[in-house]
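Shown next, in structure tokens, is the structure this report addresses.
The values are calculated or read from the model by the stated rules, or taken from the named source; none is laboratory data. All values reported here derive from a predicted model rather than from experimental measurement. Please note: Cβ atoms are built from the backbone with ideal geometry, for glycine as well, and neighbour counts cover all protein chains shown. Just so you know, the surface numbers come from the protein's heavy atoms only, side chains and all, with ligands and any DNA or RNA stripped out. Shrake-Rupley method; radii C 1.70, N 1.55, O 1.52, S 1.80 Å.
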Amino acid sequence: MLEIQELHAGYGGGEVLRGLSLGVAHGEIVALLGRNGMGKTTLLRCIMGLLPHAAGSIRLEGQPLSGLDCFEIARRGVAYVPQGREIFGQLTVEENLRLAALRGGTIETGYDLFPGLRARAKDPGGSLSGGQQQQLAIARAMVAKPRLLLLDEPSEGIQPSVVNEIADIVTRSVRSMGLSVLLVEQNTDLALRVADRAVFVDHGVDAASIASRAVTREILASYMEL
Amino acid sequence: MDRILIFLLDSSNAILVLMLVSLGLAVIFGLMNVINMAHGEFLVLGAYGVLTLQWAGLPFAACLVIAPMLVALIGLAAEELLIRRTYERLLDTILATWGLSLVLRQGLVLIYGPGSHAVAAPDMGSVPVFGEIYPVYRLVVMALSAAAIAFTFWVFFRTALGLQARAVIANRNMAACLGINTRMLDRLTFAFGAGLAGLAGAVMSPLISVDPNAGLGWLVPGFLSILVAGLGSLSGPIVGAAGVGAVDSLAAAISSPVWAQLTVFVAAIIVIRFFPQGLMALKRREA
Amino acid sequence: MSRRSVIEMLVLVFFVLLPLAMPTWALSDFAIYFTYAIFAVSLAFLWGHVGLLSLGHAVYFGLGAYAMGVVTLGMTVLPGWSVIGVILAVLVPGIVAFVLGSFFFASSGLTGAFFGIVTLALAFVFERMAISSTWLGGMNGLMSIPPVVVFGHEIYDPLVLYFGLLGLLALTIRLLQVVMRSRFGLLLAGVRENELRAATLGHQTARLKVWAFTLSGMIAGLAGALFVSQFGFASPSLIGFSLSAEALIWVALGGRSNLLAAALGAICVRFVESQLSGALGAVWPVVAGLLFMTSVVFLPRGLFGEAMARLQVAGRRSDPS
């Protein structure tokens with residue numbers, strides 16, 4: 001459902017993505033793995049339209065996304081949970097969710113996913129704990145009823161026990177809804193546990209695509225260690 | 001006692017209108033990071049709008065409704081043709097809107113001549129207020145200004161549009177990621193801010209001398225109001241305008257209007273210099 | 001000789017030869033344009049080089065103008081000599097700029113748009129004070145200010161004025177260029193590019209900015225003094241909002257980050273204005289405003305600034321040395 005071909009992109013003078021190609025099938029969870037600075041976050045920003053790409057193509061269900069504004073890409077069913085969560089700290093939990101529900105969808109989806117949020121509905125998003133903020137960011141993405149979910153470092157800065165709980169809930173929900181997911185995650189154990197397939201990114205290109213079960217320590221070591 | 005009451009009423013009048021002006025400036029700055037130097041001219045356009053519509057034979061009440069809308073349309077055109085091309089360049093928004101103010105001002109000179117015009121005040125008579133006779137129209141000005149301020153708050157805090165605007169103010173990129181059309185909001189915001197200035201000009205038109213250069217006298221106090229109280233919230237311009245307006249009225253009652261204005265400006269500059277919350281807010285946005 | 005100096009020399013030669021092709025009466029007009037150009041250069045230095053957008057720069061021009069007028073009209077206890085007038089016309093705006101600058105910039109200080117708005121409000125304040133001061137002639141200002149006297153001779157011959165002011169303009173640009181290339185100037189450029197970094201490197205950025213502001217104010221004051229001694233009167237319009245706005249237009253249209261471009265902007269706008277205002281009348285300010293907006297949007301470096309930048313790049317390409 002998502003096809004990326006020969007993508008080139010970067011910031012200012014430096015090129016970060018140097019001809020990356022990637023596909024995500026319907027209902028597939030793909031983990032993007034690789035060392036820091038290899039272009040994983042850049043790729044998500046390109047898909048979302050936050051960063052223009054210099055060459056190559058991004059297609060969603062066969063439709064090109066190139067040149068579309070970020071909001072149009074969002075309206076076509078791409079939801080983004082950015083690194084650092086970027087919830088609206090001054091807005092209440094409910095307002096955060098309502099923003100995503102303005103074009104179809106209901107905030108109940110978010111509360112059903114993480115019932116703990118309901119008790120904090122009237123609190124400002126900024127007053128939540130790190131784990132709850134991450135729940136809110138994911139709930140906000142799911143409320144919009146996306147077809148493709150982009151998750152950037154969802155476990156960053158959250159206690160391990162909470163991470164696993166969130167991961168289980170999200171995986172179950174994504175599976176039941178048949179969502180496609182592109183996941184960037186430093187915690188490779190977690191990433192490989194939830195993903196169907198791992199794509200290793202190295203110096204801005206896709207170096208390998210391997211089913212999660214087939215990823216061995218040696219493979220991990222060759223792409224992840226310095 | 002009676003003089004004090006009249007003074008309080010007159011001051012409230014001036015303060016409420018200044019609030020309207022500052023609110024428009026703050027809305028535009030908050031959402032778009034644009035310093036609108038043409039805001040005073042938008043106000044003057046509102047007054048000229050009433051003048052023109054009155055010449056065309058429309059009743060005053062209709063003028064009050066239509067003139068701000070026309071100003072909002074002009075704001076919309078200005079945003080599309082000029083202002084959106086200078087986003088991300090804060091100082092250039094000052095220059096671009098400054099240029100716009102020059103053009104609008106001279107445009108008014110060309111069309112209406114350099115002199116001042118008087119808008120016929122609607123004959124509403126006077127009523128006793130706590131035992132003092134006070135012109136009804138001035139009470140109407142206060143009511144309309146207060147209503148417009150309340151409406152602005154309602155839109156911002158109680159509607160989906162306002163929710164989206166607040167999200168854009170907080171984090172433009174993330175708002176876009178949720179499917180919010182930030183361009184559309186920019187357009188609407190600028191038109192809305194311009195419309196608020198237009199409304200201020202329209203309601204004040206019978207009480208001021210309508211001339212092309214009247215805008216600056218509103219722009220500077222408007223800016224000082226929002227800077228004094230600090231940026232980043234809608235209540236800032238309200239509080240700031242109350243302060244600036246109150247000091248102005250008090251000083252004017254003691255000395256002359258000219259010295260009052262000087263007092264206010266100098267006091268505001270000192271406050272802006274030494275109270276960092278406003279400065280901090282701007283620095284955050286500039287970063 | 002660098003490509004840049006060649007361009008500067010050519011421009012100077014052009015203005016030296018220009019009187020050959022001009023009627024005498026036009027010479028004094030150009031002398032006035034050169035005076036405005038000195039003012040424009042003071043603003044371009046502050047805005048383009050230090051990154052401080054002053055929306056009320058006419059305050060310092062006007063202070064210089066009034067100081068010159070007050071002295072040469074014999075309104076003070078001092079002898080009404082031109083030289084004393086000029087000295088005060090540089091000192092008074094300099095001191096005011098120093099005091100205000102210290103106030104603006106000390107510790108965290110005003111930056112960006114805040115600085116702009118506060119300077120605008122100050123222009124308002126100064127204009128109002130000039131209008132309400134009876135000593136300074138109120139609305140009408142000071143009239144019959146005499147020409148500059150040098151060694152007992154009143155300077156009013158158009159040709160002398162033309163070359164005198166052209167020389168002063170060239171000298172001012174040269175002086176500021178030397179300043180910009182000095183250690184002080186390089187630090188100022190550092191403040192413009194990244195004030196925080198300049199500060200963390202241990203430079204007292206506030207003091208740098210105060211001195212830059214003072215220098216700019218002194219030059220603006222000099223321009224004001226030269227202006228009134230040619231023009232004959234000083235009025236509140238010289239100190240306030242409208243002249244500040246005009247100067248911004250000259251500098252933006254000419255080029256904010258190049259002193260010569262800013263000077264050419266002032267000369268050109270004033271010249272075109274004098275040529276067209278007859279035909280266009282009140283439409284001219286609208287045209288100027290539209291041009292100004294267009295240049296802000298499409299030519300942030302200004303007309304001459306853009307042209308010179310391109311010439312320099314072209315020169316570098318064709319000439320590998």
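For the condition of a type outside the set (Asp, Glu) and surrounded by fewer than 20 Cβ atoms within 10 Å (Cβ to Cβ), what is the one hit in C:Ala247, C:Ala266, C:Ala223, C:Ala189?
Working: C:Ala247 fails: surrounded by fewer than 20 Cβ atoms within 10 Å (Cβ to Cβ); C:Ala266 fails: surrounded by fewer than 20 Cβ atoms within 10 Å (Cβ to Cβ); C:Ala223 fails: surrounded by fewer than 20 Cβ atoms within 10 Å (Cβ to Cβ).
Sole residue among the options that is of a type outside the set (Asp, Glu) and surrounded by fewer than 20 Cβ atoms within 10 Å (Cβ to Cβ): C:Ala189.
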Looking at (1) over 17 Å from C:Gly85 (Cα atoms); (2) surrounded by 15 or more Cβ atoms within 10 Å (Cβ to Cβ); (3) modelled with pLDDT under 90; (4) more than 14 Å from chain B (Cβ to nearest Cβ), which one does C:Val148 not meet, given that it meets all the others? (1)
Please determine whether any residue of segment A:48-65 is open to solvent by 30 Å² or more (accessible area, probe 1.4 Å), charged (D, E, K, R) and free of Cβ contacts under 8 Å to residues at least 24 places away in the same chain. no
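Looking at segment C:137-200, what helices (runs of 4 or more DSSP H) fall wholly within it and have at least 1 residues that are farther than 20 Å from C:Ala223 by Cβ and within 22 Å of the chain's Cα centre (by Cα)? Before you say what the answer is, go through the steps one by one.
Details: elements: C:158-181, C:183-193, C:195-200.
So the answer is C:158-181, C:183-193.
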For segment A:82-113, name all the residues that are open to solvent by less than 20 Å² (accessible area, probe 1.4 Å) and facing another protein chain (nearest Cβ under 9 Å). A:Pro82, A:Phe88, A:Leu91, A:Asn96, A:Leu99, A:Ala100
In segment C:115-140, what count of residues is obtained for those that are surrounded by 18 or more Cβ atoms within 10 Å (Cβ to Cβ), more than 9 Å from every other protein chain (Cβ to nearest Cβ) and modelled with pLDDT under 90? 2
Which one of these is more than 14 Å from chain B (Cβ to nearest Cβ) and closer than 25 Å to B:Pro114 by Cβ: C:Arg310, C:Arg270? C:Arg270
Does C:Ser295 count as open to solvent by less than 20 Å² (accessible area, probe 1.4 Å), within 14 Å of another protein chain (Cβ to nearest Cβ), more than 16 Å from the chain's Cα centre (by Cα) and on the phi < 0 side of the Ramachandran plot? yes
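Matching residues to (1) open to solvent by 20 Å² or more (accessible area, probe 1.4 Å); (2) free of Cβ contacts under 8 Å to residues at least 12 places away in the same chain:
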{"site": "B:Pro122", "(1), (2)": "yes, no"}
{"site": "B:Phe130", "(1), (2)": "yes, no"}
{"site": "B:Ala150", "(1), (2)": "yes, yes"}
{"site": "B:Leu163", "(1), (2)": "no, yes"}
{"site": "B:Ala175", "(1), (2)": "no, yes"}
I'm trying to understand the selection: among the residues of segment B:160-181, which are facing chain A (nearest Cβ under 7 Å) and of a type in the set (Val, Ile, Thr)? B:Ile180
So A:Gly116 ticks every box in (1) on the phi < 0 side of the Ramachandran plot; (2) open to solvent by 30 Å² or more (accessible area, probe 1.4 Å); (3) in contact with a helix residue (DSSP H, G or I) (Cβ under 7 Å, 6 or more places away or on another chain); (4) in contact (Cβ under 8 Å) with a residue 24 or more places away in the chain but one. Which box is left unticked? (4)
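Checking the condition more than 25 Å from A:Gly10 (Cα to Cα), in contact (Cβ under 8 Å) with a residue 60 or more places away in the chain and of a type outside the set (Ser, Thr, Tyr), which residue from A:Ala195, A:Ala207 passes?
Working: A:Ala207 fails: more than 25 Å from A:Gly10 (Cα to Cα).
Just one listed residue meets the conditions, A:Ala195.
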Any idea which of A:Ala221, A:Ala141 is part of a helix (DSSP H, G or I) and surrounded by 17 or more Cβ atoms within 10 Å (Cβ to Cβ)? A:Ala141
Inspect segment B:95-113 for any residue being touching a Pro at 6+ places or on another chain (Cβ under 9 Å), away from chain C (no Cβ under 14 Å) and either open to solvent by less than 10 Å² (accessible area, probe 1.4 Å) or of a type outside the set (A, V, I, L, M) (or both) and give the result as yes or no. no
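Can C:Leu260 be described as over 14 Å from C:His57 (Cα atoms) and open to solvent by 10 Å² or more (accessible area, probe 1.4 Å)? Don't jump to the end; show me each part of the working.
Working: over 14 Å from C:His57 (Cα atoms): yes; open to solvent by 10 Å² or more (accessible area, probe 1.4 Å): yes.
The answer is yes for C:Leu260.
Looking only at segment B:193-212, count how many residues are assigned to a helix (DSSP H, G or I) and either within 10 Å of chain A (Cβ to nearest Cβ) or buried (at least 24 other Cβ atoms within 10 Å of the Cβ) (or both). Reasoning before the result, please.
First, the residues of segment B:193-212 that are assigned to a helix (DSSP H, G or I): B:193-204, B:212.
Narrowing the set further to residues that are either within 10 Å of chain A (Cβ to nearest Cβ) or buried (at least 24 other Cβ atoms within 10 Å of the Cβ) (or both) leaves B:193-204.
So the answer is 12.
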